[in-house]
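Notes follow the structure.
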Amino acid sequence: MNNKAGEPFKLLQFRPLWIEGRSFTPEFTNSSILYLFKRKLPKSVCFRRAYTGWRASGAREERELGESRAFIRWLQKHHLSVEWSQKDFNLHPVFNHPQPPQHDPEDEISRGLSFAIQPVWVQERKIKLYVKDEDILGLINMAHGEDEDFLSLVARYVAYRLNWEKWRAPAPTFYDWVLAQGRRPLLAPGQIGFLTP
């Protein structure tokens with residue numbers, strides 16, 4: 001369910017907005033989307049209002065910074081965060097699953113992580129792997145490598161990781177390990193949960 005090799009993987013697709021008779025479909029980078037979802041301030045407005053306000057202000061710096069960074073700069077200037085609604089966007093199909101993996105709200109290790117990976121069984125143990133946001137983005141955007149099921153890679157890495165811990169050897173990150181193996185993860189719905197606001 002990954003995009004074709006070389007095609008960027010988009011976490012979501014924004015729905016079109018009509019502003020003064022013109023249709024705009026925001027095209028934000030994945031990293032900007034993660035930043036905006038996590039940005040929480042006392043003063044927040046709905047996405048439509050924020051985006052319309054930015055466009056009405058002349059969408060300054062868009063040419064210089066790109067759409068998403070210019071929009072973020074405008075929010076920062078006005079000390080605003082966005083109050084998101086599920087109506088604002090459509091998630092990539094890989095995240096559309098009736099019961100996606102989630103982090104326990106009490107789980108301190110998962111604080112600040114936007115993605116939850118389905119636990120895997122290794123050596124008769126159910127183990128949950130935690131991966132930094134930037135590494136998940138790197139994994140889902142890998143353009144080259146031999147295709148392999150994502151959870152199969154997770155299970156193999158966890159097995160190696162258990163051995164490395166036993167030997168007290170330094171372990172590479174999951175992203176670096178996948179890269180070194182020359183693999184390209186193939187994602188299926190239900191394997192990764194994207195924690196939207």
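The values are calculated or read from the model by the stated rules, or taken from the named source; none is laboratory data. Computed from a predicted model, the values in this text were never measured in an experiment. Heads up, the Cβs are rebuilt from the backbone with ideal geometry, glycines too, and the neighbour counts pull from every protein chain shown. Quick note on the areas: whole protein, heavy atoms, side chains included, nothing else; ligands and nucleic acids left out. Shrake-Rupley method; radii C 1.70, N 1.55, O 1.52, S 1.80 Å.
Only residues that are in contact with a Phe, Trp or Tyr (Cβ under 6 Å, 6 or more places away or on another chain) and either touching a residue at least 40 places away in the same chain (Cβ under 8 Å) or not hydroxyl-bearing (Ser, Thr, Tyr) (or both) were counted across region 140-172, and they come to 3.
Of everything listed in (1) open to solvent by 40 Å² or more (accessible area, probe 1.4 Å); (2) outside any helix (DSSP H, G or I), the single unmet condition for Tyr160 is (2). When Ile136, Ile109 are screened for being within 14 Å of the chain's Cα centre (by Cα), part of a helix (DSSP H, G or I) and under 25 Å from Phe37 (Cβ atoms), only Ile136 passes.
Contact map, region 75-104: first residue acidic (Asp, Glu), second residue surrounded by 18 or more Cβ atoms within 10 Å (Cβ to Cβ), Cβ cut-off under 7 Å, separation 6 or more or different chains; pairs are Asp88/Phe47. Across region 107-149, the number of residues qualifying as of a type in the set (A, V, I, L, M, F, W, C) and at positive phi comes to 0.
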